[in-house]
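The values are calculated or read from the model by the stated rules, or taken from the named source; none is laboratory data. These figures come from a predicted structure and were not determined experimentally. Cβ atoms come from the backbone with ideal geometry, glycine included; neighbour counts cover every protein chain shown.
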Amino acid sequence: MNTRRCAVVDGAHRARVLHTLGFVPWVRRGQPGAGRVAAAALADEGLPSAPAPGMACVVVLAERCSPSALDLLGRAMHAGGPLLARAGRIQVRAGKLDGVPVAATYLVFGAAQAEVLRHSLPAAPAGASSVVVVDELAAVLAEGRAKQRLWVALRGLRTRLAATGG
């Protein structure tokens, strides 16, 4: 019987490979010092060990969204790649957005939510960020053309985020 030999890999090499593939290594809390190996390996390589301050993308949703619409949104964002899958999501509550995080790009579902975002965002971040407005989630769920417009917007957004290193 043939058996495959596994090469022994140190923690620093594993951390570099995972970073190159775009994975964030998780370690158990019960292992003291295990996370330091990955952080030290990334620091030796000159690679960032933590994401830059601010978010690459924030999704702005209507106050009420059906579970099926949220499921569609989740699948669409995951299909858009890791930068879109990790995008923060905020909902409009009573016609207001409280505590809007600063982001490079805002993906807004519906013109009404875009207007609320415009009033809630301070002037400096608003000038430095881009806002992509697509149809509301209910329309995306019901209409084929709205789905097509969402996919086109996500493709352009993914390209823009990859170009800026988002």
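Yes or no, residue by residue, for (1) modelled with pLDDT of 50 or more; (2) hydrophobic (A, V, I, L, M, F, W, C); (3) touching an Asp or Glu at 6+ places or on another chain (Cβ under 9 Å); (4) surrounded by 13 or more Cβ atoms within 10 Å (Cβ to Cβ):
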residue: 20; (1), (2), (3), (4): yes, no, no, no
residue: 28; (1), (2), (3), (4): yes, no, no, no
residue: 36; (1), (2), (3), (4): yes, no, no, no
residue: 41; (1), (2), (3), (4): no, yes, yes, yes
residue: 52; (1), (2), (3), (4): no, yes, no, no
residue: 66; (1), (2), (3), (4): yes, no, no, no
residue: 72; (1), (2), (3), (4): yes, yes, no, yes
residue: 84; (1), (2), (3), (4): yes, yes, no, yes
Discussion item. Given the criteria assigned by TED's automatic domain parsing to the domain that holds residue 66, in contact with a strand residue (DSSP E or B) (Cβ under 8 Å, 6 or more places away or on another chain) and modelled with pLDDT under 85, does residue 97 qualify?
Written reply: yes
Worksheet item: When the range 117-166 is examined, which residues are found to be closer than 16 Å to residue 92 by Cα, hydrophobic (A, V, I, L, M, F, W, C) and in contact (Cβ under 8 Å) with a residue 40 or more places away in the chain?
Response: 117, 137, 138
Discussion item. For the range 84-166, give me every one of the helices (runs of 4 or more DSSP H) that falls completely inside it and has 1 or more residues that are under 15 Å from residue 56 (Cα atoms).
Written reply: 123-128, 144-164
